[in-house]
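Single-structure report; data block below.
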Amino acid sequence: MLGKTRQIIILQIAVILAARLVALGAPAPPMVTAESAILVDATSGRVLYEKRCHTRRPPASTTKIMTAIVILENSRLDDIARASQYACKTQYGSLHLQPGETLRLRDLLRAILIRSANDAAVCAAEHIAGSEQKFVDMMNKKAQEIGCHDTHFVNPHGLHDPRHYSTAYDLALMARYATRFPEFNEIVRMPHATISRSVNTRDIALRNTARFLSRYKGADGI
């Protein structure tokens with residue numbers, strides 16, 4: 001009887017040790033502090049990790065991914081855009097555009113994607129669609145076309161508005177779509193760039209606001 005009891009105890013210990021060894025060998029789950037997150041295979045679109053990826057949240061400047069998509073699909077980048085008074089008054093307009101100033105759409109797109117310039121986004125929007133609102137309508141239409149069903153835009157730059165929202169999942173869809181464009185890929189990997197102005201002899205130096213480009217080995221885009 002004692003021998004059988006010992007066998008049972010030894011078996012229990014073996015099971016416990018095996019469980020611990022499996023636990024030690026298993027990779028620890030990622031420590032993600034973000035409220036929502038998603039990791040997607042860029043080639044296949046397969047979701048590798050997600051955390052509340054379908055929860056609607058303010059997208060802030062990641063809005064500009066869709067802004068860039070609409071620009072690239074509806075314009076020639078060598079076209080010249082003229083800044084309106086409305087565009088020049090955009091909040092957090094880091095280019096500090098002046099009314100009547102002209103810039104190539106290519107330079108506006110660089111300012112949008114590298115410096116996250118809100119005034120550049122509005123200037124490009126007005127040039128392409130005639131008004132900011134019509135451009136936003138184009139953004140929302142495109143979002144639906146590529147399957148972003150939990151997304152709604154009210155501006156092309158991402159300044160907060162309760163009606164302006166997206167999800168981590170939808171942003172991943174936009175990012176995968178945007179990387180189809182060589183011009184997009186070229187710009188988002190630039191650590192810095194320079195654009196010229198029509199009303200100022202001083203060029204504008206742009207430094208990429210995406211810090212992970214320099215802090216994460218292998219990063220080469222959004």
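Read-outs throughout are calculated quantities, based only on the coordinates presented, and are distinct from any laboratory measurement. Being a predicted model, the structure only gives us computed values, none of them experimental. Cβ: placed from backbone, ideal geometry, glycine included. Neighbour counts: every protein chain shown.
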task = Using just the helices of the chain, give the 222 nm mean residue ellipticity in deg cm²/dmol: DSSP H runs with n ≥ 4 each add -39,500 (n - 2.57), and the total is spread over all residues, rounded to 500.
result = -12500 deg cm²/dmol
request  = Quick one: plug the Kirkwood hydrodynamic radius of region 118-197 (C-alpha pairs) into Stokes-Einstein at 37 °C, 0.692 mPa s, and report D in µm²/s.
outcome  = 235 µm²/s
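Sort region 31-94 into rounded, prolate or oblate with this rule: let a ≥ b ≥ c be the square roots of the eigenvalues of the Cα gyration tensor; rounded if a/c is under 1.5, and if a/c is not under 1.5, prolate when a/b is larger than b/c, oblate otherwise. Don't jump to the answer; show the numbers that get you there.
Details: a/c = 4.03, a/b = 1.78, b/c = 2.27.
Oblate is the answer for region 31-94, as a/c is 1.5 or above yet b/c matches or exceeds a/b.
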ask   = Size of the dipole of the chain about the Cα centre, Lys and Arg at +1 and Asp and Glu at -1 on the beta carbon, nothing else charged, in debye to 20?
value = 920 debye
ask   = If each residue's Cβ is checked for other Cβ atoms within 10 Å, how do V40, V47 rank with the fewest at the top?
value = V47, V40
request  = Report, in degrees rounded to the nearest 10, the 0 to 90 angle that the Cα long axis of helix 118-129 makes with the longest principal axis of the chain.
outcome  = 70 degrees
Residue order, fewest to most surrounding Cβ atoms within 10 angstrom, among K142, K51, K89, K217 = K217, K89, K51, K142
inquiry  = Within a 10 angstrom radius of the beta carbon, how do M31, M190 rank from fewest other beta carbons to most?
reply    = M31, M190
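Please tell me which of these pairs span more than 21 angstrom C-alpha to C-alpha: K64/K142; K64/K134; K64/K141; K51/K142; K51/K217? Walk me through the intermediate numbers first.
On the way: K64/K142 13 Å; K64/K134 16 Å; K64/K141 15 Å; K51/K142 25 Å; K51/K217 24 Å.
Listed pairs above 21 Å: K51/K142; K51/K217.
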ask   = Relative to the first principal axis of the alpha-carbon coordinates of the chain, what is the inclination of helix 168-178, with its axis defined by its Cα atoms, in degrees from 0 to 90 and to the nearest 10?
value = 50 degrees
task = Could you tell me the distance between the Cα centroids of region 55-82 and region 145-222, to the nearest Å?
result = 8 Å
request  = Using Cα extents along the principal axes in Å as the read-out, say which of (i) 54, 42, 33; (ii) 71, 36, 34; (iii) 97, 34, 29 was calculated from these coordinates.
outcome  = (iii)
remark   = The helix 64-73 Cα axis meets the longest alpha-carbon principal axis of the chain at an angle in degrees, between 0 and 90 and rounded to 10, of 60 degrees
